[in-house]
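Note sheet for the following structure.
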Amino acid sequence: MQLFCQKGTCADPHRHAKIKRGILMNVEAAIAIIPARFGSTRFPGKLLTEIEGKTLIELVYRRVEQAKLVGRILVATDDQRIADTVRRFGGTAVMTRTDHPSGTDRLAEAAQDFDADSLVVNVQGDEPMIEPTDIDRAITAARLGDAEMVTLMTRLDPAQADDPNRVKVVTDRNGIALYFSRSRIPSEGTCFLHLGLYVYRVAFLKRFLKLERTPLEIAERLEQLRALEHGYRIRVVEVESESWGIDTPDDLERFRRISHGLHGVIRR
């Protein structure tokens, strides 16, 4: 694993307290890792697409920077072009292997030397409207320690409920995930969109990657189902969010159309 960062910006990943914007972060400050693969199946090279002078990966990075409970940010990539781009805008990139089957595997390589109790935030590199406060809410929920994983959901526009690119989630009355699906769930009533952000301890991340893949995971093409099928709990925090992943060129054009009306997403 090779580390790239702007001169003077690389912090020791093993430190538990660090200075961020002049504030001493506490021992539970999380490490955000953004898995960044160039060869996306549906939209290759999307993370290097520019929107008003900034690449998609930089827009996401800048949003994560605003989260108060994140003490360090890494971009985990297998592509030198992405690493160079991150370095140019002042971020930190970690070069990982090219043969990882998922973003979680890539993230795990980047986090392999972190302490087992460290909190890691898995941030999707194609969600430029992710709210920093939502990241903080997920980290706060993970600190409770009542579930091995924490993720987010928000109410879904009924017109998008049948879109397989919009992953839906249902929970029990205590906010623990029952199921994730690309199909519409439930068949009637309010649907909730799963926001692809996860928080977990490094120890669980390593344990998760040793689990066998499961039938529902394979059928839905959703690796979080592996955790559920093996009996692990996923806490789902409901937020009010307009965030969604840019999975296709059409998604990108939609984002371009609305970006002028967003306050601070592009300009920060």
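Candidates are the residues of region 80-116 that are of a type in the set (Asp, Glu) and closer than 21 Å to residue 64 by Cα; the one that is nearest to the chain's Cα centre (by Cα) is 105. With respect to the conditions (1) under 16 Å from the mean Cα position of the chain (by Cα); (2) more than 16 Å from residue 243 (Cβ to Cβ), residue 121 lacks only one, and its number is (2).
Rundown of residues vs (1) surrounded by fewer than 19 Cβ atoms within 10 Å (Cβ to Cβ); (2) farther than 20 Å from residue 198 by Cα; (3) at pLDDT below 90; (4) touching a Cys at 6+ places or on another chain (Cβ under 9 Å), yes/no style:
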site: 17; (1), (2), (3), (4): yes, yes, yes, no
site: 21; (1), (2), (3), (4): yes, yes, yes, no
site: 51; (1), (2), (3), (4): yes, yes, yes, no
site: 81; (1), (2), (3), (4): yes, yes, no, no
site: 85; (1), (2), (3), (4): no, yes, no, no
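When 140, 85, 151 are checked against the criterion of being polar (S, T, N, Q), free of Cβ contacts under 8 Å to residues at least 60 places away in the same chain and either part of a helix (DSSP H, G or I) or farther than 15 Å from residue 202 by Cβ (or both), 85 stands alone in meeting it. Please determine whether any residue of region 98-119 is in contact (Cβ under 8 Å) with a residue 60 or more places away in the chain and assigned to a strand (DSSP E or B). Yes, some residue in region 98-119 is in contact (Cβ under 8 Å) with a residue 60 or more places away in the chain and assigned to a strand (DSSP E or B). Annotation: residue 67 fulfils all but one of (1) in a loop (DSSP other than H, G, I, E, B); (2) surrounded by fewer than 19 Cβ atoms within 10 Å (Cβ to Cβ); (3) modelled with pLDDT of 90 or more; the unmet one is (2). Out of all the residues in region 87-103, which are out of contact with any helix residue (DSSP H, G or I) (no Cβ under 7 Å at 6 or more places or on another chain) and at pLDDT below 90? Residues satisfying the conditions are 98, 99, 101, 102, 103. Taken together, the residues in region 127-165 that are touching a helix residue (DSSP H, G or I) at 6+ places or on another chain (Cβ under 6 Å) and among the acidic types (Asp, Glu) amount to 1. Filtered by the rule that a residue be among the polar types (S, T, N, Q) and over 23 Å from residue 45 (Cβ atoms), region 65-120 gives 66, 112, 118. Across region 134-157, the number of residues qualifying as over 21 Å from residue 63 (Cα atoms) and crowded, with 20+ Cβ neighbours inside 10 Å comes to 4. If only one of 112, 124, 160 is surrounded by fewer than 23 Cβ atoms within 10 Å (Cβ to Cβ), more than 30 Å from residue 95 (Cβ to Cβ) and modelled with pLDDT under 95, which one is it? The match here is 160. In region 168-268, counting only helices (runs of 4 or more DSSP H) that sit wholly within it, the ones holding 1 or more residues that are buried (at least 19 other Cβ atoms within 10 Å of the Cβ), among the aliphatic types (A, V, I, L, M) and out of contact with any Pro (no Cβ under 7 Å at 6 or more places or on another chain) span 202-209, 224-229.
The values are calculated or read from the model by the stated rules, or taken from the named source; none is laboratory data. For clarity, every value in this text was computed on a predicted model and none was experimentally measured. We place every Cβ from the backbone using ideal geometry, glycine too, and count neighbours over all the protein chains shown.
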